[in-house]
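See below for the structure under consideration.
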Amino acid sequence: MQASIFAGKTAMYRYDEIDQRLVDERVVQFRDQTRRFLAGKLSEDDFRPLRLRNGLYIQRYAPMLRVAIPYGLLATRQLRTLAHIARKWDRGYGHFSTRQNIQFNWPKLEDVPDILAELAKVQMHAIQTSGNSVRNITTDHFAGIARDEIVDSFVWCELLRQWSTFHPEFSYLPRKFKIAVNGAEADRAATFLHDVGLHAVRDPRGTGSDGASPGGEIGFRVIVGGGMGRTPIIGHVINEFLPWPHLLTYLEAIFRVYNRYGRRDNIHKARIKILVKARTPEKFREEVEAEWAHLKDGPSTLTAEEVRRVEGRFTRPAYGKLAGDDAGHAARLAAEPAFAAWARRNVHPHKVPGYAAVTLSLKKTGVPPGDATADQMDAVADLADRYSLGELRVSHEQNLILADVRQSELHALWQAAKALGFATPNIGLLTNIICCPGGDFCSLANAKSIPVAQAIQERFDDLDYVYDIGELDLNISGCMNSCGHHHVGHIGILGVDKNGEEWYQISIGGNQGRTTPSPLLGKEGVPQSGGGGAALGKVIGPSFAREQIPDVIEQLIRVYLGRRESEEERFIDVVWRLGIDPFKEHVYGSHHQRQASRNRSLAAA
Amino acid sequence: MAVIIKDRQVVTDPWQRLELAPDGSLPAIPPAGDILAPLALWQVERNALLARPGRIGVWLDSHEDPAAIAEDLRHFGIVAVNFPKFGDGRGYSTAQLLRSRYGWKGELRAIGDIFRDQLFFLSSCGFDAYALREGEDPQEALAAFGDFSEAYQASVERPVPLFRRRDRGVADGGRGS
Ligand code: SF4
């Protein structure tokens, strides 16, 4: 098989007639279910799982509709439809989540079938964005353009989207199920933190036939049982190399073992990670292999034709033939420090000569992270049409990415983005906070998260200082469900409830995975460095009141700045080198503070 | 007699379902008639059940392993799988195994918390009969079999996944479009 099949340059997947029909039929089905519910023919208990698998929650203040952005890829006409939905059925904005979805917080239940119908017109849906089924499959937001690419993960995500959509046997799993696919050498999809992580690899035993490619046949490293939530666990590799044709049958074996034996008596123990832990990864692997023995080489074995067919349904970006790095761009970088600062953080290398990827920041201070108004969505769609071949991506860091920008147009794009408020040059830095909707919107929350993010952003409003601090992931979740991925933040903040009061627990030392391939680490023009494997943060001590948080973050940063050995040593590196004690001592240090914190805990206990 | 859905039609049900008592003790065996016995009864009273007139079937609860009856299937006129709650999806795997691994060809019935909105997936996994829970209208529920006109995956109902049927040109593969 030619390498090109697995390492193409994709843009949007276009539905075929059957893909479209299934999505349309889902709208009809849900319209009828809603009608029966509103007519009192379907009880609330029966309707709940049905609406959930269409992404519809009943939230604290209103329903919340979660729309899938499969593997984070969006065409501009789809983004304009999202803007239209925000205007017509919501209060004029949407929230991009950490799961490459968009959430609308104010739609009316009876309008949801119409919203779904509107989405279906642009090949979008809310299928399985919630409920105990396979959720939207996520991937690296630099898929298809990264220089360290092994396969184009979008193709594999789409194959898995089809396989997991309305899977008859696995639609009522013990619990929700999240799959991440990573197609590059670096893991930018947090594969060790998903129910199943699939990391493309080349057969270590093979050698490239042309002598240039680094290995043999393509396969996947299969990782199971990772996850965040209230029992955060780093996943286990149960197969180091699964040749790609076996992907679906192997997944079916995993799913069948989980569907049959995963716990259903306790919602907090129902994720696959608990089963893997209870069985031990070795035993779980044996069970999967025993089940797989029946399924291997069966009809679900993938074929090269099918991979090629799906790949062929992606539109190809029409890249211009450019000589290489743009000279004018280099000159403008040298001449304009503000532009250079933005480029350093928000512009990313591209595998096609003369192109770059750009992150548009949705993290402006004073705005809830990930929120975008309908006008902003339209404006971004205009930018993507003008500068990036009509396509964009949503990152799990809740930003938007224009993946295919000519270097020669970066300056013009920067100016346009600045005028629109999307050019905060903070990607990978402390103020690029990942934050769940929290107590302002989410009925499960223990505490608000958005005001905490704002307070931190306001405290660290000196950009030079933020640059000096360097790379730092700060994540906030409003409760143990961890939608803000606080376990893997270099600094994680978790909202906890103590007798009805909002408190915040702080952990340090988490990491989402090795996000940059080692050969590129430290190289010029490679922002978001990020070495080190996936790790879970450690709690530094008793919780804090909301107004203390900016001080505590500042204290943590001071310890870091005082102890780092060079500017290259990042916050996370220092935490890993020294452990959490020096940080803990400084934060809880003085007797006075210890006493005060103890009193607080006692008062709250 | 109660009605059920069988082969996508509403029919009367000749089978009498026996249940364990709340304390787990075995039910009495009726002297005649077709009975659908819980697995435990079959395991304990196998000979008595085989000796009586009338057909015998067994129902599995959602946690019970179909391997437990794999060797006995020839004795049965029906196999049923219970869904204690409709969100309990183990029965889908049970059905898939009974059909594809253990070769059960006879009636496979879904019982318990069954209503319209599960029928499409149940049918895909190999069920061909459904005893809807009380209060459901089986006639109205028949429409559910048409909820979707295709499925991507291989299943009992569609042993070959869509992508292989597309290759053969049975379905529109959208090739070259
Ligand atoms: S982490 Fe908790 S509060 Fe935040 S969105 Fe998730 S469930 Fe809601």
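The values are calculated or read from the model by the stated rules, or taken from the named source; none is laboratory data. These numbers come from a predicted model, not from an experiment. Every residue, glycine among them, receives a Cβ derived from its backbone with ideal geometry; neighbour counts consider all protein chains shown. Note: accessible area is taken over every heavy atom of the protein model, side chains too, but ligands, DNA and RNA are not part of it. Shrake-Rupley method; radii C 1.70, N 1.55, O 1.52, S 1.80 Å.
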query: Can you name the residue in segment A:470-505 that is within 11 Å of the ligand (Cβ to nearest atom) and in a loop (DSSP other than H, G, I, E, B) and, of all such residues, is farthest from A:LEU561 (Cα to Cα)?
result: A:ASN481
task: Within segment B:114-136, track down each residue that is under 16 Å from A:ASP46 (Cβ atoms) and at the interface with chain A (Cβ under 9 Å from one of its Cβ atoms).
output: B:PHE115, B:ARG116, B:ASP117, B:GLN118, B:PHE120, B:PHE121, B:LEU122
- prompt: Taking segment A:442-469 as the region of interest, how many residues are open to solvent by 60 Å² or more (accessible area, probe 1.4 Å) and either within 14 Å of chain B (Cβ to nearest Cβ) or within 16 Å of the ligand (Cβ to nearest atom) (or both)?
  reply: 2
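Taking A:SER543, is it modelled with pLDDT under 95, open to solvent by less than 50 Å² (accessible area, probe 1.4 Å) and closer than 24 Å to A:ILE476 by Cβ?
Working: modelled with pLDDT under 95: no; open to solvent by less than 50 Å² (accessible area, probe 1.4 Å): yes; closer than 24 Å to A:ILE476 by Cβ: yes.
No, not satisfied.
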query: From A:LEU430, A:LEU402, which residue is closer than 12 Å to A:THR359 by Cβ and open to solvent by less than 10 Å² (accessible area, probe 1.4 Å)?
result: A:LEU402
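Pick out, from segment A:281-368, the helices (runs of 4 or more DSSP H) lying fully within it that include 3 or more residues that are away from chain B (no Cβ under 14 Å).
Answer list for segment A:281-368: A:281-295, A:327-335, A:337-346.
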message: If I go through segment A:257-272 residue by residue, how many of them are within 10 Å of A:ARG175 (Cβ to Cβ) and open to solvent by less than 30 Å² (accessible area, probe 1.4 Å)?
response: 4
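Okay, residues lined up against (1) of a type outside the set (S, T, N, Q); (2) touching a Gly at 6+ places or on another chain (Cβ under 7 Å); (3) outside the structural domain of A:LEU383 (by TED's automatic domain parsing):
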{"residue": "A:GLU409", "(1), (2), (3)": "yes, no, no"}
{"residue": "A:GLN415", "(1), (2), (3)": "no, no, no"}
{"residue": "A:PRO425", "(1), (2), (3)": "yes, no, yes"}
{"residue": "A:LEU429", "(1), (2), (3)": "yes, no, yes"}
{"residue": "A:SER443", "(1), (2), (3)": "no, no, yes"}
{"residue": "A:SER449", "(1), (2), (3)": "no, yes, yes"}
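Which count do you get for residues in segment B:89-113 that are of a type in the set (D, E, K, R) and more than 10 Å from every other protein chain (Cβ to nearest Cβ)? Don't jump to the end; show me each part of the working.
Taking segment B:89-113 first, the residues of a type in the set (D, E, K, R) are B:90, B:99, B:101, B:105, B:107, B:109, B:113.
Keeping just the survivors that are more than 10 Å from every other protein chain (Cβ to nearest Cβ) gives B:99, B:105, B:107, B:109.
Counting residues in segment B:89-113 that are of a type in the set (D, E, K, R) and more than 10 Å from every other protein chain (Cβ to nearest Cβ) gives 4.
Does any residue of segment A:413-431 turn out to be outside any helix (DSSP H, G or I), within 16 Å of the ligand (Cβ to nearest atom) and more than 14 Å from every other protein chain (Cβ to nearest Cβ)? Spell out how you get there, then give the answer.
Applying the first criterion (outside any helix (DSSP H, G or I)) to segment A:413-431 yields A:421-431.
Checking which are within 16 Å of the ligand (Cβ to nearest atom) leaves us with none.
Checking segment A:413-431: not a single residue is outside any helix (DSSP H, G or I), within 16 Å of the ligand (Cβ to nearest atom) and more than 14 Å from every other protein chain (Cβ to nearest Cβ).
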- prompt: Within segment A:250-280, which residues are out of contact with any helix residue (DSSP H, G or I) (no Cβ under 7 Å at 6 or more places or on another chain), within 14 Å of chain B (Cβ to nearest Cβ) and assigned to a helix (DSSP H, G or I)?
  reply: A:LEU251, A:PHE255, A:ILE267
statement: If we keep only residues of segment B:8-23 that are assigned to a loop (DSSP other than H, G, I, E, B) and touching a helix residue (DSSP H, G or I) at 6+ places or on another chain (Cβ under 8 Å), then the residue least open to solvent (accessible area, probe 1.4 Å) is B:LEU18
- prompt: Which residues, counting only those in segment B:66-88, are within 14 Å of chain A (Cβ to nearest Cβ) and free of Cβ contacts under 8 Å to residues at least 24 places away in the same chain?
  reply: B:GLY87
field: Number of the condition not met by B:PRO159 [criteria: (1) away from chain A (no Cβ under 11 Å); (2) farther than 23 Å from A:LEU42 by Cβ]
entry: (1)
